[in-house]
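Here's the structure, in structure tokens; my notes come after.
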């Protein structure tokens, strides 16, 4: 067991060590229908111009702008061209072609006269407004050109970007495979939601909260349920994670130094190489990280708020890195809505509400009670106020850094 007197590791150092040797997972190709929310694994280039031809932007008539310098101008309509079709002949002076939005502009035309500015009389149309060369024409390649890189690796694809990929003529997209995260809660005191706990038991909630946070950033989850405080029970669940091919095994609880905290010992017996344990942070001090072969192991504290905060600060970045994602969890500046006291050697994350003033300024008010077992408070928090180690007392109105929840 690690030396309890060893100085606690700083949050920044722990995160750097955790992410230091993590590689992105395998690449797979998915259909456009399944691409939203996935992370692009390779730069994506267009295979075509868009539009691929000079296209009409309006319903009206394809004309020569020089024929409309003197009004009214009467033109002979020599045909029409709907979207999806081309006009086979070349237009000449004092001719017009009825055209519809998206159709290719006939050869010889250089402008579109919109239908509202015309009067039609059988085979002739009279222009009531002038046009300039290029008016209401979308030139070939206006949106993008063949060979142009429009989406870069590391982009988490939203619906607009998937639509762009489709217009670039990509039917499938190369994305990083979703990392597989197995989540195991431990402890004799836990029962699953819906079950009836005894007088000395509580409902297991952490595994569901952690799973939700993992899925938010693109991970695939296997909920291993609960392992009682027995070596063989925990070992069986570790093997289940390995058999599933988990990229990350997350354990919740049991990683401290009590007589019944068996998780770290069982993980070491399974071959875990311990990276670090015990972090200078509040909540979340007992955080543990290591590896069993290629499988990352992250041991979260058992208190609900501690496990959720550690997931935000460590597990989510780990999943993002495996995905090759450019997403980050940025900090924002806000002003304190109340005084806060000095801090000790542990970086503290205070649960708080957030209000935006009419001038756009953010005001954050820390909750009076910060117990790491109080999930109801955490559920209504808007943000975490970051208090660095050994921070001096701060007054209402002072600037602070926050992490959004």
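The table below gives the values:
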{"read-out": "Filter result for the condition that a residue is over 24 Å from residue 402 (Cβ atoms), touching a residue at least 12 places away in the same chain (Cβ under 8 Å) and over 22 Å from the mean Cα position of the chain (by Cα), over 285, 291", "value": "291"}
{"read-out": "Condition check for residue 39: modelled with pLDDT under 95 and touching a helix residue (DSSP H, G or I) at 6+ places or on another chain (Cβ under 6 Å)", "value": "no"}
{"read-out": "Selection count where residues are closer than 21 Å to residue 53 by Cβ and touching a helix residue (DSSP H, G or I) at 6+ places or on another chain (Cβ under 8 Å), scope the stretch 99-127", "value": "3"}
{"read-out": "Residue match in the stretch 254-276 (condition: in contact (Cβ under 8 Å) with a residue 40 or more places away in the chain and within 21 Å of residue 379 (Cβ to Cβ))", "value": "no"}
{"read-out": "Residues located in the stretch 359-381, provided they are surrounded by 13 or more Cβ atoms within 10 Å (Cβ to Cβ) and touching a strand residue (DSSP E or B) at 6+ places or on another chain (Cβ under 9 Å)", "value": "362, 363, 364, 365, 366, 367, 370, 372, 374, 377, 378, 381"}
{"read-out": "Filter result for residue 223 (surrounded by 14 or more Cβ atoms within 10 Å (Cβ to Cβ), touching a strand residue (DSSP E or B) at 6+ places or on another chain (Cβ under 8 Å) and either in contact (Cβ under 8 Å) with a residue 60 or more places away in the chain or closer than 22 Å to residue 277 by Cβ (or both))", "value": "no"}
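Per-residue answers, yes or no, for (1) crowded, with 19+ Cβ neighbours inside 10 Å; (2) outside the structural domain of residue 295 (by TED's automatic domain parsing):
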residue: 161; (1), (2): no, yes
residue: 168; (1), (2): yes, yes
residue: 171; (1), (2): no, yes
residue: 183; (1), (2): yes, no
residue: 192; (1), (2): no, no
residue: 195; (1), (2): no, no
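A quick yes/no check of all residues on (1) in a strand (DSSP E or B); (2) surrounded by 14 or more Cβ atoms within 10 Å (Cβ to Cβ):
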{"residue": "61", "(1), (2)": "yes, yes"}
{"residue": "79", "(1), (2)": "yes, yes"}
{"residue": "88", "(1), (2)": "no, no"}
{"residue": "119", "(1), (2)": "yes, no"}
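The values are calculated or read from the model by the stated rules, or taken from the named source; none is laboratory data. Model, not experiment: these values are computed from the prediction. Positions of Cβ are backbone-derived with ideal geometry, glycine not excepted, and every protein chain shown enters the neighbour counts.
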